[in-house]
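Student: First the structure, then my questions, so here it is.
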Amino acid sequence: MIVECVVTTIDRRGIVNTAPMGPTIDESESFDRFTLRPYQSSKTFANLNETRSGVLHVSDDVLLFAKAAVSEIDASTLDTQPARAVRGLILKNCKRYYEFVVDSIDDREPRAIVAARTVATGRFGDFVGFNRAAHAVIEAAILATRVDLLPHETIEADFARLRTIVDKTGGTRAATAFAFLEDYVKNHEYQKLNNKELSQ
């Protein structure tokens, strides 16, 4: 089972990275043990490889998911507290968190397989689930990370379909998150076309 979460990691200099990530969880073990699949080119992988620890968050903040998917988040803008059992930061606006250590890393493929084990947990509230708009924002965030892999027309068509869902079922935060992702995709396409014109 894959669950959409947010992972914070920290490098040896103390710089925090925030990234959305879908850990694979054995339903019988809950979050006691899970597997992460970060790309080896990502900061998340570099940090986990260096420090062998992080914090996994269950959150309903779709704006956080959107920003973490396509941009670097300044940790000073987040409401955080230090982790207790590992070197890292806990996002206080999450619902539950799991401080973890890395048991092993298999880096034979571009997406590494990171086996993690929870060493401390906590909660700030109950996770009631995502509505349709929140799911649409998550899907849009995934699409936004693939702007260099998919045709712009495909992304544009999918965004139009997802916007209808957000408009019908979302609140202010979902609308803000979706607009943020739309701007990111538009700016990326504009930059790509501009660079193409300059190279001709």
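To keep it simple, each residue is scored yes or no on (1) within 17 Å of SER59 (Cβ to Cβ); (2) in contact with a helix residue (DSSP H, G or I) (Cβ under 8 Å, 6 or more places away or on another chain).
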position	(1), (2)
LYS95	yes, no
PHE124	yes, no
ASN131	yes, yes
ALA134	yes, yes
VAL147	no, yes
THR154	no, no
LYS186	no, no
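Student: Being open to solvent by 70 Å² or more (accessible area, probe 1.4 Å), part of a strand (DSSP E or B) and either closer than 17 Å to CYS5 by Cβ or modelled with pLDDT of 95 or more (or both), is that true of even one residue in the stretch 119-132?
Tutor: yes
Student: Check whether at least one residue in the stretch 107-126 is touching a strand residue (DSSP E or B) at 6+ places or on another chain (Cβ under 8 Å), among the aromatic types (Phe, Trp, Tyr) and free of Cβ contacts under 8 Å to residues at least 40 places away in the same chain, and report yes or no.
Tutor: yes
Student: Just checking, how many residues over the stretch 1-48 are surrounded by 16 or more Cβ atoms within 10 Å (Cβ to Cβ), of a type in the set (Val, Ile, Thr) and not in a strand (DSSP E or B)?
Tutor: The number of residues fulfilling the criteria is 1.
Student: Related question: Taking the residues in the stretch 102-114 that are open to solvent by 30 Å² or more (accessible area, probe 1.4 Å) and under 28 Å from GLN81 (Cβ atoms) as candidates, determine which candidate is farthest from the chain's Cα centre (by Cα).
Tutor: ASP103
Student: Another one. Report, by residue number, each residue of the stretch 5-53 that is touching a Pro at 6+ places or on another chain (Cβ under 9 Å) and at pLDDT below 90.
Tutor: PHE31
Student: Would you point out the residue of the stretch 17-46, among those that are among the aliphatic types (A, V, I, L, M) and out of contact with any Leu (no Cβ under 7 Å at 6 or more places or on another chain), that is farthest from GLU139 (Cα to Cα)?
Tutor: For the stretch 17-46, the residue satisfying everything is ALA46.
Student: Is there a residue in the stretch 68-76 that is in a strand (DSSP E or B), in contact (Cβ under 8 Å) with a residue 24 or more places away in the chain and farther than 21 Å from ILE25 by Cα?
Tutor: Within the stretch 68-76, none of the residues are in a strand (DSSP E or B), in contact (Cβ under 8 Å) with a residue 24 or more places away in the chain and farther than 21 Å from ILE25 by Cα.
Student: Select from the stretch 15-50 the residues that are out of contact with any strand residue (DSSP E or B) (no Cβ under 6 Å at 6 or more places or on another chain) and of a type in the set (S, T, N, Q) and write down the one among them that is nearest to ARG111 (Cα to Cα).
Tutor: Of everything passing the filter in the stretch 15-50, GLN40 is nearest to ARG111 (Cα to Cα).
Student: Here's another thing I want to ask about it. Taking the stretch 133-152, which residues are charged (D, E, K, R) and at pLDDT 95 or above?
Tutor: Scanning the stretch 133-152 gives a single hit, GLU139.
Student: If we scan the stretch 157-168, do we find a residue that is in a loop (DSSP other than H, G, I, E, B), within 30 Å of SER41 (Cβ to Cβ) and in contact with a helix residue (DSSP H, G or I) (Cβ under 8 Å, 6 or more places away or on another chain)?
Tutor: Within the stretch 157-168, none of the residues are in a loop (DSSP other than H, G, I, E, B), within 30 Å of SER41 (Cβ to Cβ) and in contact with a helix residue (DSSP H, G or I) (Cβ under 8 Å, 6 or more places away or on another chain).
Student: Take the residues in the stretch 158-181 that are open to solvent by 40 Å² or more (accessible area, probe 1.4 Å) and closer than 11 Å to ALA144 by Cβ, then tell me which one is farthest from the chain's Cα centre (by Cα).
Tutor: The residue in question is ASP158.
Student: Do we have any residue at all in the stretch 184-193 that's open to solvent by 90 Å² or more (accessible area, probe 1.4 Å), in a helix (DSSP H, G or I), out of contact with any Gly (no Cβ under 7 Å at 6 or more places or on another chain) and among the aromatic types (Phe, Trp, Tyr)?
Tutor: yes
Student: With respect to the numbered conditions (1) open to solvent by 30 Å² or more (accessible area, probe 1.4 Å); (2) more than 21 Å from HIS135 (Cα to Cα), which one is the sole condition not fulfilled by ASP60?
Tutor: (2)
The values are calculated or read from the model by the stated rules, or taken from the named source; none is laboratory data. These numbers were taken from a predicted model, which means no experiment stands behind them. With ideal geometry, Cβ positions are generated from the backbone for all residues, glycine too; neighbour counts draw on all protein chains shown. Each accessible area value is taken on the protein alone, full model and side chains, heavy atoms only, with ligands, DNA and RNA left out. Shrake-Rupley method; radii C 1.70, N 1.55, O 1.52, S 1.80 Å.
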